[in-house]
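Shown next, in structure tokens, is the structure this report addresses.
The values are calculated or read from the model by the stated rules, or taken from the named source; none is laboratory data. Treat the numbers as computed from the prediction; the structure is a model and nothing was measured. Here the Cβ positions follow ideal geometry from the backbone for every residue, glycine too, while neighbour counts run over all protein chains shown.
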Amino acid sequence: AITIIIIIITIIIIVITVIIILTVLIDKIATYIVLLVLLSYGSNYYVLFWRSNDYRIAFLSQLCLDPKFFSSVRVVPITEQRRNDI
């Protein structure tokens, strides 16, 4: 009878130890999973900027960094009256 009680107590201690170890392990895994999620979320901008010409043009134009914005050549439209004078 005493051996059965000792075996049951040993099994309970082992189960509690495994639960504690798994809890700590799950917390550490959750910490690193968050880092992976943040890395993948933050890399979208760089991948899109590198691979998509439309995205790059739209983003640069929003920042007023479009090369056409800094062009030194100005296009002046010719009106009908000026066309007749030429």
With the condition kept exactly as written, say whether any residue in region 5-14 is surrounded by 10 or more Cβ atoms within 10 Å (Cβ to Cβ), assigned to a helix (DSSP H, G or I), at pLDDT below 90 and not polar (S, T, N, Q). no
Residues being in a helix (DSSP H, G or I), among the hydroxyl-bearing types (Ser, Thr, Tyr) and surrounded by 10 or more Cβ atoms within 10 Å (Cβ to Cβ): count how many of those fall in region 41-65. 4
